[in-house]
Each structure stands twice: as structure tokens, then as C-alpha cells.
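Enquirer: Here you go, one structure.
The values are calculated or read from the model by the stated rules, or taken from the named source; none is laboratory data. Since this is a predicted model, take the numbers as computed values, not measurements. In this analysis, Cβ positions are derived from the backbone assuming ideal geometry, glycine residues included, and neighbour counts consider all displayed protein chains.
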Amino acid sequence: MTLRLVSLDCPSCGSALHGEGLDTIFFCDHCGDAAVLGENGLESVESAALVPAPGRPANTWRPAWLIEAGVTVSDRVRQGGRRGDGWQERRTFVIPAFEMPLGDLTRIARALSEVAGETRDVPREPIHGGTLAIEDAVTLIRHIVIGDEVRKSDMLSSVTVDIDVVSSRLVAIPFEPADGGLRCSITGVTVRIGE
């Protein structure tokens, strides 16, 4: 086993990056650019911040993936073997990239993907906790789409879902502390953290 030390300096401006123990996603407190720790060291990733809903505070920021993807649902078989129509469309998903229970992650990702829109420059303040790789975010997107198909009233038996990533970038999501967790300043959804 080879151990390799990686300097956590911003690939854009050279400032020291700060994170928590298992972080693999970093936002620079100085320039606002984002980087992901991969096998070859730090790699720059396009970044922005999602704008809070009017009147909602943004006391803390957490990382997420903003992914535009082509979604194809095919081989849709209903109970009894009847085949149904599939569909194909381009959709935008916002997948939080910090640790929380899977149920909360799915719920907030659905809510953010429905309403998130306007972006701005990344705030120059600490944004920590990024641990979800882009591949895992795409897996969650597939999970969300399959869940949506299962909830339809036609008694789904099986389905094939393909996700083709068109573009991805990291975004900072605004939150405020609430009831032992964080309340999203865009959707109002509260999530538990650190469990």
C-alpha cells in the first residue's frame, strides 16, 4: 500500500482549503472555487451557490451536486406483463453531498430538484462536509426516478432507468439551524445531520 500526501491548496488561487475528517469536496474560503479530491489529487470543479428563498436566512452553507442529465425510462412492465410507455427527458437534479440519513437525503434532493433555480457567486465563508462522490449522486438520481415510477398508479413490475450526465457542478446550499438539524433556506425541508 502506498501512502501519498496531497496538499490541500486551492487549484485556482493557492489558498489553503479547510475541511472535516472525511471531506473529499472543498470550497475555497478565499476565491469561492470548488475542488474534489480524487486519485490524482485536487481537481477543480465549476461551482456556484443556490439563492435562498425570499425572507429565509442563510446561516450556514453545505455542498451539493447540481447535475443536468438525460433520463430514459424504458422496458416499463406493469403487473400482469403488460408493457407501458417509457419516456425520455432532460432534467436538472440537486443532490446534497454531505452526510445525512438516506430518507432525508432523498426527500431534500427531490424538493431541491423541483424548485432550485437561480445561482450566484459562492459565499466566502466555510462550506464543509462534502463527502458524496459524483458517481454516488448519479446512483441517487436513479433511485429517485425509480421511486417516482413505482409511485405511479399502474402497478409497476419492472423498469429500466438510464441516467446520462450532460453536465455537473458543485453548488453551495443555504441552511439555517433547526431542531437538531438543518432547515434548507430554499425548500424549508429539515434534515438530520451527523447520525
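Enquirer: Residue check: is T139 assigned to a helix (DSSP H, G or I), free of Cβ contacts under 8 Å to residues at least 24 places away in the same chain and within 30 Å of D75 (Cβ to Cβ)?
Expert: Taking the combined requirement at face value, the residue satisfies it.
Enquirer: Here is a further query. What number of residues within the stretch 100-124 satisfy the criterion of being surrounded by 15 or more Cβ atoms within 10 Å (Cβ to Cβ), of a type in the set (D, E) and under 18 Å from A34 (Cβ atoms)?
Expert: Number of matching residues: 0.
Enquirer: From the list A137, A116, which residue is among the small types (G, A, S) and at pLDDT 95 or above?
Expert: A137
Enquirer: Give the residues of the stretch 128-172 that are in contact with an Asp or Glu (Cβ under 9 Å, 6 or more places away or on another chain), among the hydrophobic types (A, V, I, L, M, F, W, C) and more than 25 Å from A48 (Cα to Cα), sorted by residue number.
Expert: Hits for the stretch 128-172 are L156, V159, V161.
Enquirer: Say whether the condition of being within 29 Å of C13 (Cβ to Cβ), at pLDDT 95 or above and outside any loop (DSSP other than H, G, I, E, B) is met by at least one residue in the stretch 73-90.
Expert: No - not one qualifying residue is present in the stretch 73-90.
Enquirer: Still on this structure, I have one more. Any residue in the stretch 52-70 that is among the polar types (S, T, N, Q) and either out of contact with any Pro (no Cβ under 9 Å at 6 or more places or on another chain) or closer than 16 Å to G147 by Cα (or both)?
Expert: no
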